[in-house]
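Please read through the structure below; I'll follow up with questions.
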């Protein structure tokens, strides 16, 4: 059985938040030894950690915190020594750690004879199958996203010469808060901004141009994300934008039908490429090696979602692991032209043994 160490806080470390489903802002040590789970944390956090009933909780005082402070050691030196003592006490001599494990602590442990090995794949794999609590949080976040998308559509329908991205985002942010979610940033990108990667959008929203609205609020209780995208046009819809929208919806429908445990993200991505290439649109498959594709379908079809908005498994031209039941992925086909704009549609999908459940319950209307 693999022994594991994580030293982080649960705000910034998805690896730790998966193991410790609690908001803890300061770094602490998580250990697994022969399948037994331990946390070493301040006495301030210990009561909340014990209430979870998931692991043995050790306060810093159990490893000589007061004694170390009395020696005049600086805070970071005390923390390093406590971690080293805890690892020795639990009996770990070799451990797998996340790729983000602090180098300073790794050096300290190695100097004491502990083998510390980064293992990105191990920690990604541990998080892929969502827990019931994580799925519940993701469904809450998705409902928040859909309510915010309603607000966006209402503002677009009302129109007016003073409608701006900033005004729309302010209104959507209020909806996220009302639903117990947080969005540090999200995309409302009109016109040419929508064809530039993750341009978050700014300025006036004018009739006759596509507006890509891509939102990924995080559920405050569980820290899991959702992710969804719709594209809208007010006023007259250009013929090319309407055709792009039709193609994206076709790609979304056909790729969703292929999602199930054991399916390949690359194969499903290539199905979307088939649809776009048949319509004469460039894709990552058709570009010359070494060149940058600026138009057409220039990104992957999707990605895993969980405690990070982008995580395993990928859906693109690179190789990735086969889907497993419990994965949550996005399907987000898009078509673009630089300097003009684009269309993207994105749903959030739960992989099951024999198919998939679409967690997104929202219309695909191009006109808001």
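The values are calculated or read from the model by the stated rules, or taken from the named source; none is laboratory data. Being a predicted model, the structure only gives us computed values, none of them experimental. Note that we place each Cβ from the backbone using ideal geometry, even for glycine, and neighbour counts take in every protein chain shown.
Hey, can you tell me all the residues within segment 308-347 that are more than 30 Å from residue 241 (Cβ to Cβ) and either part of a loop (DSSP other than H, G, I, E, B) or over 12 Å from the mean Cα position of the chain (by Cα) (or both)? Outline the logic, then answer.
Residues of segment 308-347 that are more than 30 Å from residue 241 (Cβ to Cβ), as a first pass: 308, 311-313, 319-327.
Selection gives 308, 319, 320, 321, 322, 323, 324, 325, 326, 327.
Out of segment 1-19, which residues are out of contact with any helix residue (DSSP H, G or I) (no Cβ under 6 Å at 6 or more places or on another chain) and either part of a strand (DSSP E or B) or farther than 17 Å from residue 122 by Cα (or both)? I'd like the intermediate steps shown before the answer.
First pass over segment 1-19, keeping only residues out of contact with any helix residue (DSSP H, G or I) (no Cβ under 6 Å at 6 or more places or on another chain): 1-5, 9, 11-14, 16-17, 19.
Across segment 1-19, the qualifying residues are 4, 5, 9, 11, 12.
How about segment 37-53: which of its residues are surrounded by fewer than 18 Cβ atoms within 10 Å (Cβ to Cβ) and without any contact (Cβ under 8 Å) to a residue 24 or more places away in the chain?
Within segment 37-53, 37, 42, 43, 44, 47, 50, 51, 53 meet the criteria.
Checking the condition surrounded by fewer than 19 Cβ atoms within 10 Å (Cβ to Cβ), within 30 Å of residue 221 (Cα to Cα), more than 19 Å from the chain's Cα centre (by Cα) and modelled with pLDDT of 95 or more, which residue from 102, 132 passes? Outline the logic, then answer.
On the way: 132 fails: more than 19 Å from the chain's Cα centre (by Cα).
The match here is 102.
Anything in segment 347-361 that is under 16 Å from residue 153 (Cβ atoms) and touching a strand residue (DSSP E or B) at 6+ places or on another chain (Cβ under 7 Å)? List them, or say none. Even if it seems obvious, please write down each step before you answer.
Going through segment 347-361, the residues under 16 Å from residue 153 (Cβ atoms) turn out to be 360-361.
If the condition is that a residue be under 16 Å from residue 153 (Cβ atoms) and touching a strand residue (DSSP E or B) at 6+ places or on another chain (Cβ under 7 Å), then 360 is the only one that fits.
Next question. Would it be correct to say that residue 279 is free of Cβ contacts under 8 Å to residues at least 12 places away in the same chain and more than 28 Å from residue 183 (Cα to Cα)? Break it down into steps so the answer makes sense when it comes.
On the way: free of Cβ contacts under 8 Å to residues at least 12 places away in the same chain: no; more than 28 Å from residue 183 (Cα to Cα): yes.
Against the criterion (free of Cβ contacts under 8 Å to residues at least 12 places away in the same chain and more than 28 Å from residue 183 (Cα to Cα)), residue 279 does not qualify.
Restricting attention to segment 182-209, which residues are part of a loop (DSSP other than H, G, I, E, B) and over 23 Å from residue 301 (Cα atoms)?
Looking only at segment 182-209, we keep the residues that are part of a loop (DSSP other than H, G, I, E, B), and these are 183-186, 196-203, 205-209.
Scanning segment 182-209 gives 184, 202, 203, 205, 206, 207, 208, 209.
Still on this structure, I have one more. Given 126, 110, 153, 140, which one is within 23 Å of residue 365 (Cβ to Cβ) and surrounded by fewer than 21 Cβ atoms within 10 Å (Cβ to Cβ)?
On the way: 126 fails: within 23 Å of residue 365 (Cβ to Cβ); 110 fails: within 23 Å of residue 365 (Cβ to Cβ); 140 fails: within 23 Å of residue 365 (Cβ to Cβ).
Going through 126, 110, 153, 140 in turn, just one is within 23 Å of residue 365 (Cβ to Cβ) and surrounded by fewer than 21 Cβ atoms within 10 Å (Cβ to Cβ): 153.
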